[in-house]
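This report concerns only the one structure given below.
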Amino acid sequence: MKHERIIDFRYAPSHAQVCIGLVDDPDKTIVRTDGSVNWGYCGKNWVNYYRMYNDEHAVLTADERNRGFTYRVKPVLLHRDELLSSVQDHGKASAAIVTTTEDYKASVLAWKTFAWRTEQDARVDVILWSMTAKDNFITTRSGVSLQSMGHTDGLPVILHTPRVKTVSVSDEPLPFFHAGETMEGAYFIVQEGKMDPADATLDTAKKALAWAENYWDNVTPFVNKFVIPEKQIADMMAACGRNILQAREIKEGVYTYQVGPTEYRGLWMVDGHFILESAHMMGRTEEAFAGVLAVLRRVRPNGGIMVFDHHEKETGIALATLCRQCELTNNDARLEEMWPTLRRALTFIRNQRTESFALGKDYPAYGMFAPTFGDGGINGPEPEYTTPEWVLFGLKYAYETGKRLNLEGYEEFGKEFDDLMHYFRAAVARDHRVTKDGIPYFPQSMVTPEYLEKNGVTRPDLHLNGATYNPQTGTWALAQAIYPGEVFKPDDSIVQELLALLDSVDNTEGIPENTGWEGHNALWGYSAMFYGEAFLYADHPEKAVDYLYAFANHAGPGRTWREEQALHGTQSEEMCGDMPHNWGSAEFIRLTRNLLVMERLGNLELLKGLPEEWLPTEDCALELASTPTRYGQVSIKMTKNENGYHFSFNRSVFAQVPEKLVLHWPDAVEVNGVRTEGTLVLDGDCTAFEAQLYR
């Protein structure tokens with residue numbers, strides 16, 4: 001279903017959050033839709049409340065009510081009034097400054113919330129407020145106070161300014177407030193360091209705001225040019241880059257790209273694979289490559305590379321991550337140095353597969369893996385497909401890398417891939433089903449009622465809110481095996497059937513629904529980016545672009561996403577995961593880049609998914625500078641001229657060379673006086689050319 005390409009956040013989550021922390025800031029302060037300032041996240045798996053399996057949460061604790069935050073404060077009026085509406089303005093997409101405005105029947109309360117670092121290096125959250133009395137306001141005593149809705153024990157120092165009338169219509173002293181008057185003040189929440197109470201003035205707060213505005217104006221998430229003429233997308237990209245840097249921290253001297261500021265404040269192997277790649281696309285090569293160290297810290301004595309037990313697929317992910325990081329930096333020497341680690345990982349994978357053989361031929365995942373944790377909507381440990389899908393991805397990557405460098409034992413990765421693929425396809429053939437609409441698919445869980453009965457397992461998670469696993473549940477790993485894994489060719493029936501399935505369940509809000517943990521009247525927003533990549537890989541660029549815009553409309557106005565959320569227009573209150581959830585930010589960057597420069601089937605493809613809306617204008621070129629690929633850093637620039645567009649291409653020389661260079665264009669292309677109708681194909685060793693694109 002094609003949606004209008006206007007980003008207006010029409011499907012924003014009902015409980016939105018943004019982080020106002022600075023770059024690499026350990027203080028991950030969150031501002032919610034109601035304007036409350038939240039910090040001290042303690043987790044306790046609060047998201048499970050929204051699944052409502054039972055009456056365990058008949059009475060909500062303060063932590064659950066505040067969604068896992070220890071502290072929560074919010075400005076409130078000290079006079080009585082009727083709230084009419086509350087809105088938020090996030091200002092520049094590149095800045096983390098939030099303005100909340102509450103419109104009351106007789107007054108207006110507005111406040112800006114932002115982070116500030118003082119000259120004495122104190123880290124302070126500032127709430128700069130303003131209250132105005134409307135013409136119908138009846139004189140009364142009033143002011144603004146800070147209400148605590150969370151714990152009060154252990155609160156940091158909170159300083160406040162005197163209340164000041166900046167607009168006065170009478171000689172009545174404070175606290176009397178009259179129609180037409182405006183009162184201002186500020187609160188300073190001292191998260192780190194010390195602040196002199198004498199500095200808690202309105203002038204200080206306004207200078208702090210100017211500091212914050214200047215700070216964000218000088219943060220450049222994208223080191224290299226990444227210019228999209230379409231302002232809506234440009235703003236989304238600016239926010240995505242900022243979100244990623246806000247979640248990042250420096251741990252043990254190493255940049256750690258974290259998934260989010262609260263629930264997922266740490267390393268997740270699969271999230272990290274794509275977040276690190278997006279950091280490369282932001283031009284942060286050295287910082288991103290440091291992620292290799294974070295992966296290597298997870299190497300276990302048995303050769304596995306895992307963050308979590310029963311998450312054996314992480315070893316396959318690590319194989320792909322280590323290979324990808326080295327090829328993006330043209331660092332074959334580092335890959336050769338790590339090769340013994342990759343070979344030990346192969347031994348781990350073999351041993352895990354041996355356990356599946358020991359369970360006998362009646363075991364559903366025979367020849368693949370003993371019960372594992374599926375993730376992304378598939379529980380476990382159980383026999384499932386997401387683990388072999390990612391392991392196939394990793395084995396393929398390691399084999400191709402080892403073959404290119406002629407590294408010892410590289411053939412063993414290929415043999416393991418072929419053998420695992422044999423059992424994988426046999427199981428897929430066995431488990432093939434058809435949806436009620438006649439679309440063939442295979443479920444990502446191999447669990448059947450017979451399997452549960454035989455093993456004496458009770459699985460309430462198979463009946464979330466009365467629903468069972470959906471055909472599309474957990475297909476995240478399959479999509480990633482399709483692209484960027486390229487485990488299956490675009491015309492493979494596995495690919496075509498998945499795309500048909502996804503197309504059948506994306507009609508409500510423009511992206512596939514019920515694909516993750518929340519399997520009823522809900523969606524896993526950024527999973528649409530996995531699927532968009534698969535559609536692009538399989539020559540459906542329009543679908544990929546539609547998903548990109550629809551995904552943007554599932555962000556909150558602060559341009560951040562929650563992992564999973566309820567469908568609008570339903571009574572569902574289900575939600576899951578962190579917000580901001582920066583795997584979403586990373587995937588938005590990745591798909592945007594791949595629509596313009598894509599590594600595909602051994603070729604380097606240009607403008608494969610370029611939408612009409614992104615075409616250059618007279619005032620703004622389309623430009624990517626030194627965007628990373630396995631074939632070198634690629635620069636493209638497209639400018640408008642009287643005949644259409646001028647296009648230039650440059651590629652640095654890397655160890656790998658594409659088979660072909662493919663420029664996609666619907667009309668005539670002219671290079672060196674030679675005119676071609678439509679798609680232009682050049683030899684892969686081409687490192688630079690210029691073209692006239694007629695339109």
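The values are calculated or read from the model by the stated rules, or taken from the named source; none is laboratory data. Keep in mind the model is a prediction, meaning the values are calculated, not measured. Here the Cβ is made from the backbone with ideal geometry for all residues, glycine too, and neighbour counts use every protein chain on show. Surface areas here come from the heavy atoms of the whole protein model, side chains and all, with no ligands, DNA or RNA. Shrake-Rupley method; radii C 1.70, N 1.55, O 1.52, S 1.80 Å.
Listing for the model above:
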quantity	calculated
Distance between modelled label sites at Lys92 and Phe308, nm, 7 Å Cα→Cβ extension	3.8
Given Lys74/Lys207; Lys231/Lys313; Lys134/Lys206; Lys396/Lys608, the pairs whose alpha carbons are separated by over 31 Å	Lys231/Lys313
Check: the stretch 582-695 dipole with +1 on Lys, Arg Cβ and -1 on Asp, Glu Cβ, in debye	360
Accessible-area order (highest first, 1.4 angstrom probe) of the listed residues His15, His646, His311	His646, His15, His311
Rounded to the nearest 10 Å², the accessible area of His432 at probe 1.4 Å	80
In Å², nearest 10: area of Phe417 left accessible to a 1.4 Å probe	30
Heavy-atom accessible area order for Lys489, Lys206, Lys396, largest first, 1.4 Å probe	Lys489, Lys206, Lys396
Val495 accessible area, assembled protein chains, probe 1.4 Å, Å²	0
Area projected by the alpha carbon convex hull of the stretch 205-356, averaged over all directions, nm²	12.0
Extreme residue, positive dipole direction of the chain, given options Thr386, Tyr71, Ala200 (C-beta unit charges)	Ala200
Listed pairs Lys543/Lys637; Lys28/Lys92; Lys251/Lys403 exceeding 27 Å between Cα atoms	Lys251/Lys403
Mean-position separation - Cα centroids, the stretch 208-264 and the stretch 620-661, in angstrom	25
Rounded Å value of the spacing that divides the Cα centres of the stretch 395-427 and the stretch 271-294	25
Relative packing of 366-373, 354-361, which averages over residues the other C-beta atoms within 10 Å, highest first	366-373, 354-361
Listed residues Ile317, Ile439 arranged by accessible area, highest first, probe 1.4 Å	Ile439, Ile317
Under the Karplus curve 6.51 cos²θ - 1.76 cosθ + 1.60, θ = phi - 60°, whole-Hz ³J(HN,Hα) for the stretch 494-506, x wherever Gly or Pro sits	4, 5, 5, 5, 5, 5, 5, 5, 4, 4, 7, 10, 10
Charge context of Thr100, other residues only, Cβ under 13 angstrom, K/R +1, D/E -1	-1
Between the stretch 303-323 and the stretch 525-541, the alpha-carbon center distance in angstrom	24
Beta bridge orientation in the chain: antiparallel %, DSSP, nearest 5	95
Net length gained if the chain between Thr341 and Ile138 were fully extended (0.36 nm per residue, minus Cα distance)	65.6 nm
